[in-house]
Amino acid sequence: MEGMFNLKKLKKATIQYYAVSCYTDKVSSQETYDTQFAFPVGDLDNVEMTTEILDADWNEKQRVKLQEIMNEKQLQFPFYIINEINAEEIKKEIKRFKKDHPFKNLFGTISFEEMVALENQAIYQLHEAVAYKQTVAETIEFLNGKLAGQKSS
């Protein structure tokens, strides 16, 4: 069973792919989310997925942890968290799940939704984020710089 990613293809990729989260304090309309974030960022060659994280869905412990990880940067809502998509980390998360749920593995009943959740869990590790940016423009500039560096190598 596969989730959203073909891990073999991801491992063979010649560029590093990223996932970008928009961390916000209010829900955006789908149109606003698409036009101001998902389309501009998602259209980059090295971005495979975007998501919106709502502050209200997090508890105080999670917020404190995020502040610790960000080295006390005082970013204003919305801000953007950039994570690398790592095939090995996804593979480890799936392996751990199969070990914890042997019958689901044995009978092949791991659902697509469970696989996607495992991929997300492996990708969106706050302590593994490569950057935190205040604006979409800064996010795009950072990712374009990463892509340019990989293409020139």
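The values are calculated or read from the model by the stated rules, or taken from the named source; none is laboratory data. The shown structure was predicted, so the numbers you read here are calculated from the model rather than taken from an experiment. Glycine also receives a Cβ, built like all others from the backbone with ideal geometry; neighbour counts cover every protein chain displayed. When the accessible area is computed, the model is the full protein with side chains, heavy atoms only, and any ligands, DNA or RNA have been set aside. Shrake-Rupley method; radii C 1.70, N 1.55, O 1.52, S 1.80 Å.
Number of residues in region 90-138 that are over 25 Å from F77 (Cβ atoms), of a type in the set (F, W, Y) and touching a residue at least 60 places away in the same chain (Cβ under 8 Å) equals 1. The set of residues in region 135-153 that are under 25 Å from Q62 (Cα atoms) and either open to solvent by less than 50 Å² (accessible area, probe 1.4 Å) or in contact with a helix residue (DSSP H, G or I) (Cβ under 8 Å, 6 or more places away or on another chain) (or both) comprises V136, T139. Residue-level check: of (1) touching a helix residue (DSSP H, G or I) at 6+ places or on another chain (Cβ under 8 Å); (2) open to solvent by less than 50 Å² (accessible area, probe 1.4 Å), E52 misses just (2). Open to solvent by less than 80 Å² (accessible area, probe 1.4 Å), at pLDDT 90 or above and under 17 Å from the mean Cα position of the chain (by Cα), is that true of N6? Spelling it out, it is not the case that N6 is open to solvent by less than 80 Å² (accessible area, probe 1.4 Å), at pLDDT 90 or above and under 17 Å from the mean Cα position of the chain (by Cα). If the condition is being of a type outside the set (S, T, N, Q) and surrounded by 13 or more Cβ atoms within 10 Å (Cβ to Cβ), then region 96-110 contributes R96, F97, K98, H101, K104, I110. Anything in region 33-49 that is in contact (Cβ under 8 Å) with a residue 24 or more places away in the chain and open to solvent by 70 Å² or more (accessible area, probe 1.4 Å)? List them, or say none. Within region 33-49, Q36, D45, E48 meet the criteria. In region 55-74, what count of residues is obtained for those that are surrounded by fewer than 16 Cβ atoms within 10 Å (Cβ to Cβ), touching a residue at least 24 places away in the same chain (Cβ under 8 Å) and either on the phi > 0 side of the Ramachandran plot or aliphatic (A, V, I, L, M) (or both)? Result for region 55-74: 2. The set of residues from region 5-32 being free of Cβ contacts under 8 Å to residues at least 60 places away in the same chain and closer than 27 Å to G145 by Cβ comprises N6, K9, K12, A13, C22, Y23, T24, S28, T32.
Consider region 10-25 and keep the residues that are outside any loop (DSSP other than H, G, I, E, B) and not hydrophobic (A, V, I, L, M, F, W, C). The one that is nearest to E84 (Cα to Cα) is Y18. Every test in (1) buried (at least 17 other Cβ atoms within 10 Å of the Cβ); (2) under 16 Å from the mean Cα position of the chain (by Cα); (3) of a type outside the set (V, I, T); (4) assigned to a loop (DSSP other than H, G, I, E, B) is passed by S28 save one, and that test is (2).
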